[in-house]
Amino acid sequence: MKKDLHPANYREVVFKDMSNEETFITRSTIATRETITIDGKEYPLVKLEITSSSHPFFTGKQKLVDTAGRVDKFMSRYGNRGKK
C-alpha cells in the first residue's frame, strides 16, 4: 500500500437524518462543528435532510418531505395556471 494515501482526519462520523431522527456511524473526512454522544463516545455530527432511510425510492412510500417550503412556494406561484 502507498504511504500517506488517506487523509489525516479520516475518522468515525455520525450522520443524522432530521426527518426521522435515524442516525448511522461511518468513516468520513467531512468537517463539522457539532458533536453527539452515542454509547458514551463523542462523535462529530452531520445533519442531513434526507437519507436512504427516509427517501421514497428506498422506503417504497410516496411521502413528500419538504423542509424548505419549495413545493408550497411553487404552488402559490404556478399551481392554478391550468385551471379556468
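The values are calculated or read from the model by the stated rules, or taken from the named source; none is laboratory data. Since this is a predicted model, take the numbers as computed values, not measurements. Glycine gets a Cβ as well: all are built from the backbone with ideal geometry, and neighbour counts include every protein chain shown. Quick note on the areas: whole protein, heavy atoms, side chains included, nothing else; ligands and nucleic acids left out. Shrake-Rupley method; radii C 1.70, N 1.55, O 1.52, S 1.80 Å.
Just a few scattered comments:
- Once the range 1-57 is narrowed to residues that are basic (Lys, Arg) and open to solvent by 80 Å² or more (accessible area, probe 1.4 Å), the residue that is nearest to Arg70 (Cα to Cα) is Lys47.
- Residue match in the range 15-24 (condition: closer than 22 Å to Ser54 by Cα, part of a strand (DSSP E or B), of a type in the set (Lys, Arg) and touching a residue at least 12 places away in the same chain (Cβ under 8 Å)): yes
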